[in-house]
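So the structure is just underneath, and the comments pick up after that.
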Ligand code: F6R
């Protein structure tokens, strides 16, 4: 996740506004940043690793203060470490253009080879640089900037919001969207763009949101929207009447709700450019994920806390069933004090959103001392867990601000799925066809996640949550891959709604906890088709026989029919059902807490990153 801004004016200077725009977008990433402006017809680029203050030092000579067109970028690294060279804007070496990008170009390696064969020289490790060369090649063929952008985008597959600036007597500014958000707006003197409406509010409250596959040409006082084929699109501007606090949440009432809605995009960022479709395999950066390394493993030991531990449970089911490798799992806070005995060839897998959780870090260090190979699934690139791991799968979920973790969890589950496939392929227990089938299904998940976030589902979940707002206790039940989802559903409700909620393995109920069920008690059961679906149906019957009020979440139709209330999720393979089934549970907790008037983004007694024991 990165932030992009752009401005072009008839008479006003743009640099200060670009920097202020980057400041409000820093929440989208902050490992490096940069600006490019048209200065006397030529493009001038300034970029720097680190926070915005570093860039401001570079700009303090005032040399670019008079520029009337420019773009800016604040980065959350995906391809290539945070560095001056990898910071945006990028160029094609011609001095005629600068480009900023948020997203991932999936076929960048083959495009890079093609462009290098033509003699084009690359100066960064980013996927973005291929875009600047593609646009530059089209400009050199005499196309206008907008046509060059369209022609370049026709060559790429992936996921992007871009802004491109060209120099010369008349500067041009063009942006395009396929995936990540992009907003544009015009005033009498200028035109502006940004990843978030926040960046536009100092100029105008009348904005146009680009849709996927759209291109906008910005000129002082005007905007022109077209599709990728160049056909004009008419769209009236929308008036924004949020205050700054609301705007930072993208119009959502809470960060948590915004982050729940980001999950389809997070799936794309975590997974899509790592999939090697023709090989039924996955490629990871950051460390040695080679066949030889993975074949030397005999066990996996997951260590994590809270929500990340729940993702670890899913990882256990996935790695054992897809890669046939034994997996142990423990609370990091227990592992570090229980004198653990690790088998030879153990991968210690720390799962953490922040990468700074004290217990997870201590458990990873201990496992390393005991001879394990330290690896991690983590969201924050420069964090301690990442630095102390020999290999990492970065989840690319973007900054998570809501204290209750949502998008980081689904990203961890998706990363675990990718890891299971990589391990299975490396160990020779998953053939190419089976790998391809799994990864194809992962690609199909995005529209299904989007469907779950449609307003009808949200209203349905909200109505059910409100109906139970006065309940004093909940059970969340599941088995197999959906047992950790039950745990996660219960944790979300406890955290933000302050209601007792117990997550339990459905098959364990009869060994004691079933005694707690009293008539009318809400029991949320998660069940999707798979190897335990029938078993869960029997558990539903047992609960109903004791008067429990069953709310079923999942895709198992007979279970949905048995339940008193239901939230159906789209069908997918069993291995991916957790990614879909968790969404209604996140929404359930959200609406329950909302109905009870709780402080959703800052629940009592909690902190976002637990860096103490
Ligand atoms: C729950 C939640 C916590 C974290 C836990 C680990 O919503 O956010 O349970 O999952 O504190 O944090 P990380 O993943 O940063 O190690």
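The values are calculated or read from the model by the stated rules, or taken from the named source; none is laboratory data. Not measured: the values here are computed from a predicted model. Glycine also receives a Cβ, built like all others from the backbone with ideal geometry; neighbour counts cover every protein chain displayed.
Taking the criterion of being surrounded by fewer than 24 Cβ atoms within 10 Å (Cβ to Cβ) and more than 17 Å from residue 398 (Cβ to Cβ), the residues of segment 81-103 that qualify are 81, 83, 84, 85, 86, 91, 93, 94, 95, 96. Return the residues of segment 305-357 that are on the phi > 0 side of the Ramachandran plot, modelled with pLDDT of 95 or more and either within 16 Å of the ligand (Cβ to nearest atom) or assigned by TED's automatic domain parsing to the domain that holds residue 574 (or both); say none if nothing qualifies. Of everything in segment 305-357, just one residue is on the phi > 0 side of the Ramachandran plot, modelled with pLDDT of 95 or more and either within 16 Å of the ligand (Cβ to nearest atom) or assigned by TED's automatic domain parsing to the domain that holds residue 574 (or both), namely 306. Within segment 397-417, the set of residues being more than 13 Å from the ligand (Cβ to nearest atom) and crowded, with 24+ Cβ neighbours inside 10 Å comprises 414, 416, 417. Pairs are defined by a Cβ separation below 8 Å, a sequence spacing of at least 6 or placement on different chains, a first member in segment 398-411 that is farther than 13 Å from residue 583 by Cα and modelled with pLDDT under 85, and a second member that is more than 8 Å from the ligand (Cβ to nearest atom) and in a loop (DSSP other than H, G, I, E, B); the pairs so defined are 398/1; 398/29; 398/76; 398/262; 399/1; 399/29; 399/76; 401/601. Just one of the numbered conditions (1) touching a residue at least 40 places away in the same chain (Cβ under 8 Å); (2) crowded, with 21+ Cβ neighbours inside 10 Å; (3) not in a helix (DSSP H, G or I) is not true of residue 570; which one? Failed condition: (2). Evaluating residue 320 against the criteria (1) touching a residue at least 24 places away in the same chain (Cβ under 8 Å); (2) out of contact with any helix residue (DSSP H, G or I) (no Cβ under 7 Å at 6 or more places or on another chain); (3) within 22 Å of residue 438 (Cβ to Cβ) leaves one unmet condition, (1).
Looking only at segment 288-304, residues that are within 16 Å of the ligand (Cβ to nearest atom) and more than 26 Å from the chain's Cα centre (by Cα) come to 0 in all.
Residues in segment 146-182 that are part of a helix (DSSP H, G or I) and either without any contact (Cβ under 8 Å) to a residue 40 or more places away in the chain or not assigned by TED's automatic domain parsing to the domain that holds residue 84 (or both): 148, 151, 152.
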